[in-house]
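Chemist: Here it is, the structure, as structure tokens.
The values are calculated or read from the model by the stated rules, or taken from the named source; none is laboratory data. Keep in mind that what you see is a predicted model, and the values were worked out from it rather than measured. Glycine also receives a Cβ, built like all others from the backbone with ideal geometry; neighbour counts cover every protein chain displayed.
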């Protein structure tokens, strides 16, 4: 399968953009930058648009999801849009009872903890993904030469939510299941990998120029456990889009010790969080992949001279990599002053 002739990566709109060049190890005209969670909570225009609409409903309204994706691109002049959605959207579209509870996060009606429950999980159908395709198509039509990045939760993070039924600090439930009931874990992870893979594919086919797999909770695993119980399923998710030829990004938090294993699921770029110096990450990863990161989000509220020095240091460190996309080491905090993000983009583009 190949992308359609009017896909932005085929018709000439995005394949030579700074973002795509950096992701694939070519030499961009300027340092590309975008921010995880750039769409949403930190923007007054987002809060106004979302008034009275639940998080998952806003993700599944194509016009609203598109507008939210576009807002930070208009405001900050970043080098990419990141599709506004949530990692549990594939669960909701498959018919699993899940909601985003304000101040808590994703909460399932019923945690998935037994072989019977896993066997009874509904399949995510192609038809159910139609609102996602519509939202991406609307967004890409507005973005022009700015690429859209598709995204999905990595299977370990999705499965961790499913087993715990809600956010967790130590992810004891899923970590216990993988050792105590490896067959149940394998079946759950295959389901999660396929759901995330289908979700990603719908976005790329509809016009996304790159795809990022987010593994928010992978940092709770040791390297051997990650390699055995998580990485093969992340590779399985990405297998859904490899034939489409767009660059693939793999990011996790607390994953300094897992970076080479995350690279080895066969991606173009590895995201680096703020807990490890970018130079150290580049030494570990080598020259076969590009890197993305890793401005510390905490510094967005620091005095400008402190933030500026940190941004300059990150950009300088990134020069050692095959390619470097400037980003945060995690998402934009909700308390961030949007004018600071705009100023950071201007600084990075000026270097």
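Chemist: Taking the stretch 268-283 only, how many residues are under 18 Å from the mean Cα position of the chain (by Cα) and closer than 16 Å to residue 312 by Cα?
Modeler: 1
Chemist: Being part of a helix (DSSP H, G or I), free of Cβ contacts under 8 Å to residues at least 60 places away in the same chain and touching a strand residue (DSSP E or B) at 6+ places or on another chain (Cβ under 7 Å), is that true of even one residue in the stretch 195-205? Spell out the reasoning first.
Modeler: Start the filter on the stretch 195-205 by keeping residues that are part of a helix (DSSP H, G or I), which leaves 195-205.
Those still in the list that are free of Cβ contacts under 8 Å to residues at least 60 places away in the same chain too: 197, 200-201.
Right, trim to touching a strand residue (DSSP E or B) at 6+ places or on another chain (Cβ under 7 Å) and you get 200.
Checked against the condition, which is being part of a helix (DSSP H, G or I), free of Cβ contacts under 8 Å to residues at least 60 places away in the same chain and touching a strand residue (DSSP E or B) at 6+ places or on another chain (Cβ under 7 Å), the stretch 195-205 yields at least one hit.
Chemist: Please state which of the following conditions residue 53 fails to meet, knowing it meets all the rest: (1) touching a residue at least 24 places away in the same chain (Cβ under 8 Å); (2) surrounded by fewer than 22 Cβ atoms within 10 Å (Cβ to Cβ); (3) assigned to a loop (DSSP other than H, G, I, E, B).
Modeler: All conditions are met except number (1).
Chemist: Any residue in the stretch 96-110 that is part of a helix (DSSP H, G or I) and surrounded by 22 or more Cβ atoms within 10 Å (Cβ to Cβ)?
Modeler: At the first step, the residues of the stretch 96-110 found to be part of a helix (DSSP H, G or I) are none.
So far as the stretch 96-110 goes, no, none of its residues is part of a helix (DSSP H, G or I) and surrounded by 22 or more Cβ atoms within 10 Å (Cβ to Cβ).
Chemist: Determine which single condition residue 144 fails, assuming it passes every other condition in (1) touching a residue at least 24 places away in the same chain (Cβ under 8 Å); (2) within 21 Å of the chain's Cα centre (by Cα); (3) closer than 24 Å to residue 249 by Cβ.
Modeler: (2)
Chemist: Take the residues in the stretch 236-261 that are free of Cβ contacts under 8 Å to residues at least 40 places away in the same chain, assigned to a helix (DSSP H, G or I) and buried (at least 18 other Cβ atoms within 10 Å of the Cβ); name whichever of them is farthest from the chain's Cα centre (by Cα).
Modeler: The selected residue is 261.
Chemist: If you don't mind, another one. Give me the pairs, please: first residue somewhere in the stretch 290-315 and at positive phi, second residue anywhere and in a helix (DSSP H, G or I) and modelled with pLDDT of 95 or more, beta-carbon distance under 9 Å, and either six or more positions apart or on two chains.
Modeler: As it stands, the answer is 293/278; 293/281; 293/314; 293/318, since those pairs meet every condition given.
Chemist: Could you go through the stretch 321-332 and let me know if any residue there is assigned to a helix (DSSP H, G or I) and touching a residue at least 12 places away in the same chain (Cβ under 8 Å). I'd like the intermediate steps shown before the answer.
Modeler: The first filter runs over the stretch 321-332 and keeps only residues assigned to a helix (DSSP H, G or I), leaving none.
Scanning the stretch 321-332, I find no residue that is assigned to a helix (DSSP H, G or I) and touching a residue at least 12 places away in the same chain (Cβ under 8 Å), so the answer is no.
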